[in-house]
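Peer 1: Below: one structure in structure tokens.
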Amino acid sequence: MEYVLTTSALSKKYRNFEALKDMTMHIPKGSIYGFVGRNGAGKTTLIRVICGLQEPTSGEYTLYGISNKDRRIAKSRHRMGAVVETPSIYLDMTAEDNLKQQALVLGLPSYERIPEILKLVGLENTGKKKARHFSLGMKQRLGIAVALIGNPDFIVLDEPINGLDPQGIVEVRELILKLNHEHGITVLISSHILGELSKLATHYGFIEKGHVVKEISAAELEAVCRRCIKVEVSDTKALIRVLDRMKKDYEVISDTQANIYGVVVLSELVLALAEEKCDLLASHEQDENLETYFINLVGGGENG
Amino acid sequence: MVKLLRSDFRRLWRSKLFYLGITAVAASVAFGLINNVHYKRIMLNLEIPIDNILFLGTLVIGFAIAIFTSFFVGTEYSDGTMRSKVVVGHNRSMIYLSHFLTTTFAAVFMMVIGTAVIVVVGIPWMGSFVTSCTILLPQILCCLLSIVALNAMILLLAMLIPSKAICAIVCLVLVMVMTNMISPTLWSKLEADPIIPEMSYTDSEGVVHTQPEQPNPHYATGTTRTILQLCYDMLPTAQMYQYGYDKIPKNIHLFPLYSVLFIGVLSTVGACAFRRRDLK
């Protein structure tokens, strides 16, 4: 698999506080990588480090295969855009002027992409309105537009939906999906609003206390989180025969246990098993989602 | 670097603060000119040549630079746009240099406009220059170099203090202290007479008391005097203080050297510190 960003044993210390500890993560090309963690888990620190705003204390990261210790990293940064915490926009300028300003920073030969980008983020009709007077959602979208002006193929969005109203959340979500699906841009998006992230991400990285505890694709997560009944039986061979007959999706997890996916009518299952001389010893319904998966993974005891 | 300069200069030309700074310097200089001429020519009946007040702008430019540079750079922090430059791979030293060149241009431009006001308003009123161009021109260049040095100092603070408001206050207080306290103090110590002359007075009973001539205990000598003189000649605000008060500074030939040293050291320190700085 081709990765846009990888980190290897990355650490960042602020005096006595270790914000990142031996962090290792992999962002596949073309993915929307949801970076999940509590407040203070180290999400923003990692983003600051990979954006070059802060130097790691130890370890390294590679951007398009180029190590941060290599001088060529500056060149590979031209291929990325970022909105870190708050959008980076001049408040006393219009949306168009902000994009022109960033176009100059990037040394773009012309401003011809500006109308297209403004349209992409839905700010084409803002005219002479200064960014200062934009709503939070508009500012966020302008921040994304600024990140997009250099035609990057990797953008980093740190908590892009924080503080947005429902309409703003939908707008930003649709924009991110559009960028990923239509323009093939890889997105790293950090958030602790898991419900929203689950509508976007194709891959997840779960961070706790400065350490990535698990990386998983959305498909794998879906499999893990599928609604299922965990059953314990006296004879799994008999269970397999019954489930095959009932055309159920299942997974045998031990000599006596199996997960049965989808809707299961327990009385039918018990009768069918009885015909095979097999006893149903126990059954537990499991209904995990991203939220419960995260809580189970990092432990829900501590307050974030 | 060219990309950064183009971006920074575009912002400069659109900056209201820049035009406000020019207006403020021009207005203060015009006010100072009228006040000066009115007081010395009409009240004291003194003829003063325009040469003596040509550098009147140096007395206010420090404050204009403190406000302008701290806000111009501070906006990059408060609006987060400093990050955009770093994220897309610009070298931090180049970002520093670009800000230095842009704000220096602004500071020099403000001073040039202020001086132009004196020339345009002053010449019809006070007549042309007495000093020849060959003397005046190097003085003007030295003065502009002092302004660049002062801007290098303000920029160092602006690049290292992310809060726009705090930075503006720190810079203003610093300029105020350096201009209104340190510079006059250095001047008074260096200009003090080495000898307190003989003094006589008569008391209420008609007895005449005479205090003989004696050395001034506050007169700086030796190493102390060398250090004070070095500070007086090296600090940009002290140089500007000397330009602003009617006289050709004694060590003006050393001023460019000191200014260049000042700019070099501060810019190197500033750029190194900015490179190591964790941005948020």
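The values are calculated or read from the model by the stated rules, or taken from the named source; none is laboratory data. Keep in mind it's a predicted model, so treat the numbers as computed, not measured. Here the Cβ is made from the backbone with ideal geometry for all residues, glycine too, and neighbour counts use every protein chain on show. Accessible surface is based on the protein model in full, side chains and every heavy atom, while ligands, DNA and RNA are left aside. Shrake-Rupley method; radii C 1.70, N 1.55, O 1.52, S 1.80 Å.
Peer 1: Counting only C-alpha contacts under 8 Å and six or more residues apart, can you give the relative contact order of the range A:228-286 as a whole percent?
Peer 2: About 52 percent, as a whole number.
Peer 1: Another question about this same structure. In sequence order, what are the phi-derived ³J(HN,Hα) couplings for the range B:102-114 according to the Karplus relation 6.51 cos²θ - 1.76 cosθ + 1.60 with θ = phi - 60°, rounded to whole Hz, with x for glycine and proline?
Peer 2: 5, 6, 5, 4, 4, 5, 5, 4, 4, 5, 4, 5, x
Peer 1: What average number of partner chain Cβ atoms lie no more than 10 Å from the Cβ of the residues making up B:88-101?
Peer 2: 3
Peer 1: Return the subset of B:K40/B:K250; A:K13/A:K75; B:K16/B:K85; A:K12/A:K178; A:K129/B:K280; A:K129/A:K209 for which the Cα-Cα distance in this structure is over 32 Å, preserving the input order.
Peer 2: Cα-Cα > 32 Å for A:K12/A:K178; A:K129/A:K209; rest within.
Peer 1: Using the Karplus curve 6.51 cos²θ - 1.76 cosθ + 1.60 with θ = phi - 60°, what ³J(HN,Hα) values do you get for each residue of the range B:79-96, in whole Hz, with x for Gly and Pro?
Peer 2: Once rounded to whole Hz, the list reads 7, x, 6, 4, 4, 4, 6, 6, 4, 8, x, 6, 5, 5, 5, 5, 4, 4.
Peer 1: Normalise the Cα radius of gyration of chain B by 2.2 N^0.38 Å (N = residues in it) and let me know the number.
Peer 2: In units of the 2.2 N^0.38 Å rule of thumb, it is 1.20.
Peer 1: Modelled label-to-label distance, B:L254 and A:D249, 7 Å Cα→beta-carbon offset: nm?
Peer 2: Distance between the two pseudo-spin positions: 8.6 nm.
Peer 1: Between A:N16 and B:L190, what FRET efficiency comes out of the Förster formula 1/(1 + (r/R0)^6) with R0 = 60 Å and r the beta carbon distance, rounded to 0.05?
Peer 2: The pair B:L190/A:N16 has a calculated efficiency of 0.75.
Peer 1: Which residue fluctuates most in the GNM of chain B (Cα springs below 10 Å): B:H38, B:H90, B:H209?
Peer 2: Of B:H38, B:H90, B:H209, the Gaussian network model singles out B:H209 as fluctuating most.
Peer 1: Starting from the Cα gyration tensor of the range B:1-85, multiply each eigenvalue by 5, take the square root, and state the resulting semi-axes largest first in whole Å.
Peer 2: 38, 12, 9
Peer 1: If N is the number of residues in the range B:148-193, what value comes out of its Cα radius of gyration divided by 2.2 N^0.38 Å?
Peer 2: Taking the Cα Rg and dividing by 2.2 N^0.38 Å, one obtains 1.43.
Peer 1: Can you give me the relative contact order of chain A as a percent, contacts being Cα pairs under 8 Å and 6 or more apart?
Peer 2: Worked out over chain A, it gives 20 percent.
Peer 1: Here's something else I'd like to know. Rg to Rh for the protein assembly as shown: what is it, with Cα atoms only and Rh by Kirkwood?
Peer 2: Using only Cα positions, Rg/Rh for the protein assembly as shown is 1.20.
Peer 1: Which of the trypsin sites (Lys or Arg not before Pro) found in the range B:1-69 are loop residues per DSSP with 14 or fewer other Cβ atoms within 10 Å of their Cβ?
Peer 2: When the trypsin sites (Lys or Arg not before Pro) of the range B:1-69 are filtered for loop state and at most 14 Cβ neighbours within 10 Å, B:R14 remain.
Peer 1: Applying the Karplus parametrisation 6.51 cos²θ - 1.76 cosθ + 1.60 with θ = phi - 60° to the phi angles of the range B:66-75, what ³J(HN,Hα) value in whole Hz is obtained for each residue in order, glycine and proline being reported as x?
Peer 2: Working through the residues one at a time gives 4, 6, 4, 5, 5, 6, 4, 7, x, 4 Hz.
Peer 1: Per-residue mean of other chain beta-carbon atoms within 10 angstrom of the beta-carbon, peptide A:74-80?
Peer 2: For peptide A:74-80, the averaged partner shielding equals 3.
Peer 1: Roughly how big is the B-A contact, given as buried accessible area in Å² (both sides, 1.4 Å probe, nearest 100)?
Peer 2: Answer for the B-A pair: about 2400 Å² buried.
Peer 1: Right, next: Dipole of chain A, Cα-centred, from +1 at each Lys and Arg C-beta and -1 at each Asp and Glu C-beta, to the nearest 20 debye?
Peer 2: 1380
Peer 1: Report the residue, chosen from A:K29, A:K119, A:K237, that carries the largest GNM mean-square fluctuation when chain A is represented by alpha-carbon nodes joined by springs under 10 Å.
Peer 2: Of A:K29, A:K119, A:K237, the Gaussian network model singles out A:K237 as fluctuating most.
Peer 1: Once you've got the GNM for chain A with C-alpha springs shorter than 10 Å, pick whichever of A:H183, A:H26, A:H192 has the biggest mean-square fluctuation.
Peer 2: A:H183
Peer 1: Another one. Let me have the relative contact order for the range A:151-227, percent, based on Cα pairs under 8 Å that are six or more residues apart.
Peer 2: For the range A:151-227, the relative contact order is 27 percent.
Peer 1: Could you list the chymotrypsin sites (Phe, Trp or Tyr not before Pro) in the range A:67-168 that lie in coil according to DSSP, counting only those with at most 14 other Cβ atoms within 10 Å of their Cβ?
Peer 2: Passing sites in the range A:67-168 are A:Y111.
Peer 1: By how many degrees, between 0 and 90 and to the nearest 10, does the Cα long axis of helix A:136-148 differ from the longest principal axis of chain A?
Peer 2: That helix lies at roughly 80 degrees to the long axis.
Peer 1: Right, next: Give me the mean projected area, in nm² to one decimal, of the convex hull enclosing the Cα positions of the range A:228-286.
Peer 2: Convex hull of Cα atoms, orientation-averaged projection: 3.3 nm².
Peer 1: How many Cβ atoms of partner chains, on average, are near each residue of B:8-20 if near means within 10 Å of its Cβ?
Peer 2: 2
Peer 1: If r is the Cβ-Cβ distance from B:L44 to B:S163 and R0 is 35 Å, what FRET efficiency results, to the nearest 0.05?
Peer 2: According to the calculation, E is roughly 0.15.
Peer 1: Further question on the same structure: By DSSP, what percent of the beta bridges with both residues in the protein assembly as shown are antiparallel, rounded to the nearest 5?
Peer 2: Expressed as a percentage, antiparallel bridges in the protein assembly as shown total about 70.
Peer 1: About the Cα centre of the protein assembly as shown, what is the dipole size in debye to 20, counting +1 per Lys and Arg Cβ and -1 per Asp and Glu Cβ, all else neutral?
Peer 2: 1460
Peer 1: Say R0 is 41 Å: what FRET efficiency, to the nearest 0.05, do B:V173 and A:K128 get from their beta-carbon distance?
Peer 2: Working from the Cβ atoms, E equals 0.65.
Peer 1: Once you have the Kirkwood Rh of the range A:3-222 from its Cα pairs, apply Stokes-Einstein at 37 °C and 0.692 mPa s and quote D in µm²/s.
Peer 2: 186
Peer 1: Shape call for the range A:80-171 from the C-alpha gyration tensor, a ≥ b ≥ c root eigenvalues: rounded (a/c under 1.5), prolate (a/b greater than b/c) or oblate?
Peer 2: Because a/c hits 1.5 or more and a/b fails to exceed b/c, the range A:80-171 counts as oblate.
Peer 1: Skipping prolines and chain starts, which residues have an amide H placed within reach, meaning under 5 Å, of the one on A:L20, given they are 5 or more residues away or on another chain?
Peer 2: Residues meeting the criterion, in which the H sits 1.01 Å from N, are A:K12.
Peer 1: What 222 nm value per residue comes from the helices of chain B, counting each DSSP H run with n ≥ 4 as -39,500 (n - 2.57) and dividing by all residues, nearest 500 deg cm²/dmol?
Peer 2: Mean residue ellipticity at 222 nm (helix-derived): -23000 deg cm²/dmol.
Peer 1: Per the helix-only calculation at 222 nm, which mean residue ellipticity applies to chain A, given -39500 (n - 2.57) for every DSSP H run of n ≥ 4 and division by its residues, nearest 500 deg cm²/dmol?
Peer 2: Mean residue ellipticity at 222 nm (helix-derived): -10000 deg cm²/dmol.
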